[in-house]
Amino acid sequence: MEIIYSTKFAREYKKLPQKVKLIAEKREVIFRQNPLDPQLKSHKLHGKLKEFWSFSIDGNYRIIFEFSKDKGQIYFHSVGNHDVYQ
């Protein structure tokens, strides 16, 4: 599986606390094995973000992603706390 990181995601990721980055890296390993692993609490979003999915890094932070129409590619669009939904 190929993960494509948007420039917005990269910018937001750089601003995360180091502790959160370390957890995010571990979560990405799980995600690469199974994007819908129950540990990640992956779920489809609603409303204006209905085309996207989200998974939890920890209780406060999450990653918003999209399954590509081309099999094998996933786009990471945003990372942050619940503010990423706005």
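The values are calculated or read from the model by the stated rules, or taken from the named source; none is laboratory data. Computed from a prediction, not measured in an experiment: that's the story for all the values here. Every residue, glycine among them, receives a Cβ derived from its backbone with ideal geometry; neighbour counts consider all protein chains shown. With ligands, DNA and RNA removed, areas are computed over all heavy atoms of the protein, side chains included. Shrake-Rupley method; radii C 1.70, N 1.55, O 1.52, S 1.80 Å.
Figures for the structure shown
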item	result
The stretch 67-85, subset open to solvent by 50 Å² or more (accessible area, probe 1.4 Å) and more than 24 Å from Lys19 (Cβ to Cβ), residue modelled with the highest pLDDT	Tyr75
Output for the stretch 38-64, where each listed residue is open to solvent by less than 80 Å² (accessible area, probe 1.4 Å) and either on the phi > 0 side of the Ramachandran plot or touching a residue at least 60 places away in the same chain (Cβ under 8 Å) (or both)	Gly47
Selection from the stretch 1-58 of residues that are of a type in the set (S, T, N, Q), more than 11 Å from Phe76 (Cα to Cα) and assigned to a loop (DSSP other than H, G, I, E, B)	Asn34, Ser42
The stretch 17-37 - residue that is over 10 Å from the mean Cα position of the chain (by Cα) and hydrophobic (A, V, I, L, M, F, W, C) and, of those, surrounded by the fewest Cβ atoms within 10 Å (Cβ to Cβ)	Val29
Given (1) in contact (Cβ under 8 Å) with a residue 60 or more places away in the chain; (2) among the small types (Gly, Ala, Ser); (3) out of contact with any helix residue (DSSP H, G or I) (no Cβ under 7 Å at 6 or more places or on another chain), index of the condition Ser78 fails	(3)
Filter result (charged (D, E, K, R), touching a residue at least 24 places away in the same chain (Cβ under 8 Å) and out of contact with any helix residue (DSSP H, G or I) (no Cβ under 9 Å at 6 or more places or on another chain)) within the stretch 16-37	Glu28, Arg32
